[in-house]
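Worksheet for the structure shown next.
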Amino acid sequence: MFTRIQSRALVVLSLGLVSIGNPLSAQSVAPADTASQDHKIQLSYHVKAIMRDSSSGQYTMSGTVNGERQGKATLMFGFDQGSSGQAGKIPVHSSWVVTAVPASESFKAKLSGTVEAVSGQTHLVGKITEGANKGHRVETSSRLLNFGPNHSLSDIDGNMTIDEK
């Protein structure tokens, strides 16, 4: 048994030496700052409807944000007039205020996109308008939950991605 372990270790070490033995000119080396530019901030959220403006049809929602940033989220979510140009999808928009801990990571964002009428799946894209990462692209993917009276919008569970560039 000890011999079998030794031979496996030798094979692993040999494979490691083969890759180390390649000339540096054949290897691609990326500067450390390039790798950090490709990083995306990943967040998950759960918000609940706290009020609906009957004149505009917009929902005010509040909840939590978790992941690489922690905090509270308040947003306005509404359905837009007109067509999305895609069958079975309704145009929507949202305005976010994320109060993060630490406060220096807080931000505001505006997004627009669509919701699938049958499944409640959303996809919105926009920009951070104020605060941390101002000007960066932000994208959400979520699901609308209709547990309110007469199956009205009650909750949204989703994920948010903030580009680091």
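Where a number appears in this text, it was derived from the coordinates with a stated rule and is not lab data. Quantities reported herein were computed from a predicted structural model and do not represent experimental measurements. Cβ placement follows ideal geometry from the backbone for every residue including glycine, while neighbour counts extend to all protein chains displayed.
Descriptive notes on the structure:
- Spin-label zone in the range 110-147 - amide nitrogen under 14 Å from a point set 7 Å from the Cα of residue 161 along the C-beta vector: 123-126, 137-142
- Nearest-0.05 FRET efficiency for residue 66 and residue 112, computed from C-beta distance (R0 35 Å): 0.90
- Taking 0.36 nm per residue of sequence separation and removing the Cα-Cα distance, the residue 44/residue 143 pair yields an extension gain of 34.4 nm.
- Residue-count net charge about residue 157 - beta-carbon cut-off 11 Å; Lys, Arg +1, Asp, Glu -1: +1
- Vicinal HN-Hα couplings computed from phi for the range 66-82 (Karplus, 6.51 cos²θ - 1.76 cosθ + 1.60; Hz; Gly/Pro x): 9, x, 6, 10, 10, x, 10, 10, 10, 8, 9, 10, x, 9, 8, 6, x
- Environment charge at residue 137 (Cβ cut-off 11 Å; Lys +1, Arg +1, Asp -1, Glu -1): 0
- Those residues of the range 76-101 whose amide nitrogen sits under 17 Å from the label point placed on residue 151, 7 Å along Cα→Cβ: 88-90
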